[in-house]
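The values are calculated or read from the model by the stated rules, or taken from the named source; none is laboratory data. Note that the coordinates shown come from a computational prediction; the quantities given were computed from them, not determined experimentally. Here the Cβ positions follow ideal geometry from the backbone for every residue, glycine too, while neighbour counts run over all protein chains shown. Heads up: the accessible areas ignore ligands, DNA and RNA and are worked out on the full protein's heavy atoms, side chains in. Shrake-Rupley method; radii C 1.70, N 1.55, O 1.52, S 1.80 Å.
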Amino acid sequence: MDPTTDNAGPTGDPRSSRASLEALRAEISKAVVGQDPAVTGLVVALLCRGHVLLEGVPGVAKTLLVRALSASLELDTKRVQFTPDLMPSDITGSLVYDARTTEFSFQPGPVFTNLLLADEINRTPPKTQSSLLEAMEERQVTVDGTPRPLPEPFLVAATQNPVEYEGTYPLPEAQLDRFLLKLTVPLPSRQDEIDVLTRHAEGFNPRDLHAAGVRPVAGPADLEAARAAVAKTTVSPEITAYVVDICRATRESPSLTLGVSPRGATALLSTARAWAWLTGRDYVIPDDVKALALPTLRHRIQLRPEAEMEGVTADSVINAILAHVPVPR
């Protein structure tokens, strides 16, 4: 992402808002080395009012990445460590009896925030996982029949470990579909890992981002202005048809038992528009769709068991489809 203007700050102007959001990369890099694709994905999710699932082995800075994003955005953040004994009310809140007034009052849970970090979300049972469904889709929480709206903006950034299966509960398809993007956080390159160790040797403390120099470079006004600008990004009929053709091809793939739904097609169109705006254009091109196809679609398809045994992955299926579907000119 290349800034298109030197003006930055929470002014609410679309051009300065773009520069402010792009400045996140430099700000987050004060705490996290590399991981630019994950940073970009988080920004795209904010622009699209979507949620993000971060997948990676332990120790690749998934939690630090979300905390650095929050510190750079002037957003209220809460973190929930998901465990097998976590109850739905521990997330949404509950009614508490007040002996002084002899009445029940609602005590909000950690979901009432701008950025909810759901750490190791697959470690809690489906009953507790499902407590996030209404919050993620409707942006409200219903307790005792009373709906309570969540703050705006609201984003769930959940993390999970792809290699540990003991004591985990895989997310059901309905919940996976609520995530706009599934971002893989890989192990760092050799040079990036050397940089990480050098920083720690020089006294970097990942628990003190303020000391690392991370400061807010954007705020809610920037997000609102940016979202309004993204909504005006032009999508030609040819691009719309291209998105539909990609998603329909997943439903016909012999390697898959489950293809992308129309909701997934809508998500791909939204993320492509956000990426087009971030790169300085007010219209979408095929490359925007290709750039966001993997993180937007990889968790919305399901491989056949025999395909998995042959080493086929969701990413390889999507890449094959992108190579096969005709690109509009």
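Taken over segment 47-64, the residue count meeting the criterion of being buried (at least 17 other Cβ atoms within 10 Å of the Cβ) and either without any contact (Cβ under 8 Å) to a residue 60 or more places away in the chain or touching a helix residue (DSSP H, G or I) at 6+ places or on another chain (Cβ under 6 Å) (or both) is 6.
Scanning segment 289-320 for residues that are open to solvent by less than 30 Å² (accessible area, probe 1.4 Å) and without any contact (Cβ under 8 Å) to a residue 24 or more places away in the chain turns up just one, ALA314. For segment 1-37, the set of residues classified as of a type in the set (Val, Ile, Thr) and either outside any helix (DSSP H, G or I) or modelled with pLDDT under 60 (or both) consists of THR4, THR5, THR11, VAL32, VAL33, listed by residue number.
Is it the case, given these coordinates, that LEU269 is farther than 19 Å from LEU54 by Cβ and at pLDDT 95 or above? Here the answer is yes, as LEU269 does meet what is asked. Going through (1) over 18 Å from ALA265 (Cβ atoms); (2) buried (at least 20 other Cβ atoms within 10 Å of the Cβ); (3) modelled with pLDDT of 85 or more one by one, LEU209 falls short only on (3). Apart from one condition, GLN191 fits all of (1) modelled with pLDDT under 85; (2) more than 19 Å from GLY50 (Cα to Cα); (3) of a type in the set (S, T, N, Q); the exception is (1).
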